[in-house]
1. Rule-of-thumb check for the chain: C-alpha Rg over 2.2 N^0.38 Å?
2. Starting from the amide H of L258, placed 1.01 Å from N in the peptide plane, find each other amide H under 5 Å away whose residue is 5 or more places distant or on another chain.
3. May I ask you to derive the relative contact order of the chain, considering only C-alpha pairs under 8 Å and at least 6 residues apart, and to give it as an integer percent?
4. Quick one: which residues, 5 or more positions from R141 or on another chain, have an amide H under 5 Å from its amide H? H modelled 1.01 Å from N in the peptide plane, none for Pro or chain starts.
5. Consider a paramagnetic label point 7 Å from the Cα of D249 along Cα→Cβ; state which residues of the range 273-287 have an amide N under 18 Å from it.
6. Convert each backbone phi in the range 333-339 into a coupling constant with the Karplus relation 6.51 cos²θ - 1.76 cosθ + 1.60 (shift: θ = phi - 60°), then list the ³J(HN,Hα) values in order as whole Hz, x for Gly and Pro.
7. With r as the distance between the Cβ atoms of Y407 and R261 and R0 = 56 Å, compute the FRET efficiency 1/(1 + (r/R0)^6) and round to 0.05.
8. Could you tell me the ratio Rg/Rh of the range 47-150? Both radii from Cα atoms, Rh via Kirkwood.
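What follows draws every value from the coordinates through simple rules; no lab data is involved. All figures in this text were calculated on a predicted structure; none of them were measured in a lab. Because the Cβ atoms are built from the backbone with ideal geometry, glycine has one as well, and the counts that use them run over all protein chains shown.
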Amino acid sequence: MTGKDSFLSNLVSTPKNFFRRELLPLLSDLRLAIALLLAIAFFSISGTVIEQGQSPAFYQANYPEHPALFGFLTWKVIQVIGLDHVYRTWWFLSIMILFGSSLTACTFTRQFPALKAARRWKFYDQPRQFEKLALSAELDRGSLSTLTQLLQQRRYKVFQEGDTLYARKGIVGRIGPIVVHASMLLILAGAIWGSITGFVAQEMVPSGETFQVKNIIEAGSWALPQVPKDWSVRVNRFWIDYTPEGRIDQFYSDLSVLDNRGQEVDHKTIHVNQPLRYKGVTFYQTDWGVAAIQVKLNNSPVLQLPMSLLDTGGRGRIWGTWIPTKPDLSEGVSLLAKDLQGTLLLYDAKGQLINTVRSGMSIDVNKVKLTITDVVGSTGLQIKADPGIPMVYAGFGLLMLGVVMSYFSHSQIWALQEGDRFYVGGRTNRAQVAFERELIDILDQLAHSKAEVPVVEAQPIA
């Protein structure tokens, strides 16, 4: 090989050697995995404590510069770092990808070799080898065939070669950690996929109207294909149930999903904690409002006037509108409402209370008969799409299975028959006391025909 060929060979092999000797041990380091997991937990907590997806004005009002929360946390810090949308920031996704890489490296460098070693049987053909075991015994007589039967009764898988024997059970306990790692990778993949493809929207829709999802407040970089375009939702009816004391008990929205031809393809009445799900998009009942008031002036047709939410300085929610009482709009009255079934208040142009009225009632105002036909409510819907949720749910299910599998003890027993001496020993990775009792019981049954009780020597675990 020429010098040039040798140089090119080294150049090609250098990245591979760097990955094996430097990068792979670093990624599989338990300390790095713990540090990354703590970082994910910390920023996840921050995303729970700090409100996500709010307007800049919200953060300026709640996280002012003077005084700064904890001396440093201001609205500028929140928006520059991205703490107002933690789960979709590039650095949070990078931490999760790095943690997934660490789990993968640990699985292939530690868990798979451990499973391979556990599946490979090795016979002990020297008495001194039994001294290294956690539990060992030397009998003056023994039978490999009898020991094989006793072990098989206890669900051991037995391998025998000449005068040596090896038995194991609980290999599933070695598979458990691999399943746990796989489940965590699946959860991470689902979380990352949901972050870049999911979206959150909010809509305030009057009763009786049809809408498509448009008011998106938070979305991933690949979320556009998830936004529904070939179907819409109609709010058939919105209503509120009140308690006898007048407080809101529950509010409901009767929704229909319509295809692009206007045909109903799904229907459900939703309320809090009972959403509508259709094609991966979930509609939650989260808010309500007063959308409009329907009135008649004398014998006129029913007029629908929009209601607006008024600024009360945090002293409750009140909606208001102005009702003209003359065709040229020169006179009118103001109407206020605080709910859909309560009393409506009428004020004149000077701000004086004229009267109170309820839905279905009539009153004379400015020489005009004003009839309140209906109060139209609007439903507040939060709309979410997260394609990663099935992966996350599957990951958690797999995680529970892996944890259960990890509780199985991987027990190993060796035996050697050499002349008139019979050596037996074993070890386990957990439940040491139960394993000692099991092995002593086996030895007692082996020596049951003899008066001499076998001497068991407990050795420290190597």
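1. Working: Rg = 36.7 Å, N = 462, 2.2 N^0.38 = 22.6 Å.
Here the Cα radius of gyration is 1.62 times the empirical estimate.
2. S232, V233, R234, V265
3. That works out to 20 percent.
4. F422
5. Within reach of a label on D249, which here means backbone N under 18 Å from a point 7 Å along Cα→Cβ, the range 273-287 contributes 273-274.
6. Working through the residues one at a time gives 10, 9, 10, 10, 9, 10, 7 Hz.
7. Values: r = 56 Å, r/R0 = 0.99.
Once rounded, the FRET efficiency stands at 0.50.
8. In the range 47-150, Rg relative to Rh is 1.49.
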